[in-house]
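Let me begin by presenting the structure, written as structure tokens, before commenting on it.
The values are calculated or read from the model by the stated rules, or taken from the named source; none is laboratory data. All of these numbers come straight from a predicted model, not from anything done at the bench. Note that each Cβ is placed from the backbone with ideal geometry, even for glycine, and that neighbours are counted across all protein chains shown. Note: accessible area is taken over every heavy atom of the protein model, side chains too, but ligands, DNA and RNA are not part of it. Shrake-Rupley method; radii C 1.70, N 1.55, O 1.52, S 1.80 Å.
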Amino acid sequence: SFNSPKGRCPECEGAGVVKLEMNFLPPAFVRCESCGGLRFNRETLDIRLRGKNVAQVLDLSVAEAREFFATHPRIRRPLDALHDTGLDYLKLGQTSPTLSGGEAQRVKLVSHLLAGFKEQMPDSDLAGKRNLFMLEEPTIGLHMADVQRLVEVLQRLVDGGHTVLVIEHNLDLIAEADWVIDLGPGGGDSGGRVVAQGTPEQVARHPRSQTGRFLRPLLRRKS
């Protein structure tokens, strides 16, 4: 790991960049000349698995890594979970500050999905327990096909005995909910009141629900 002094570049301490203090200006960051931005020392980079060193492996996307580690079940399992939540495009070594809010929430979902199986993570505090998950707009930036995959992941959590509470505007996800609470009737000072609540079908029939007005044609297409 580039977080360990035993394997990381001693010059940049595993960051891949070196901080330069600038007089009267914000600090600048330049690529580390010692490791070329790869974050590891030479001894670590000399070790290869099927022709790739650790820096090259961390540069793989989740989709590429699923193929690379196809014969390694313990590595492939969390990669499959990332795939199921629509995160195929993320790099294995991508730093957490670069993730969007929705991406960070889905990465956390993956850890909880894996923790839900005792045989996969027997020492996890979450293993075998029922949990409450609260998510805010997890579908932001997702393709419609990936939204459906996210819905399936959330359903797996529910089927496992967990409770999932989602603040969401995506109609495809709302249509799959067990219970919908529609707040409004408008935004800002005009909002904050419960306009309707019930199953998606009940909210769709409510005469004053704006969510229901848009939900009706979607439910008709699904039926």
I'm checking my understanding of the structure. Among residues of the range 56-67 that are assigned to a helix (DSSP H, G or I) and out of contact with any Leu (no Cβ under 6 Å at 6 or more places or on another chain), which one is surrounded by the fewest Cβ atoms within 10 Å (Cβ to Cβ)? Glu67
In the range 193-220, residues that are over 12 Å from Ala175 (Cβ atoms), outside any strand (DSSP E or B) and either within 28 Å of the chain's Cα centre (by Cα) or of a type in the set (D, E, K, R) (or both) total 3
Within 30 Å of Leu173 (Cβ to Cβ), of a type in the set (Asp, Glu) and either open to solvent by less than 80 Å² (accessible area, probe 1.4 Å) or free of Cβ contacts under 8 Å to residues at least 12 places away in the same chain (or both), is that true of Glu103? yes
Restricting attention to the range 1-24, which residues are of a type in the set (Lys, Arg) and in contact with a strand residue (DSSP E or B) (Cβ under 9 Å, 6 or more places away or on another chain)? Arg8, Lys19
So Asn53 ticks every box in (1) surrounded by 15 or more Cβ atoms within 10 Å (Cβ to Cβ); (2) free of Cβ contacts under 8 Å to residues at least 60 places away in the same chain; (3) within 20 Å of Leu142 (Cβ to Cβ) but one. Which box is left unticked? (3)
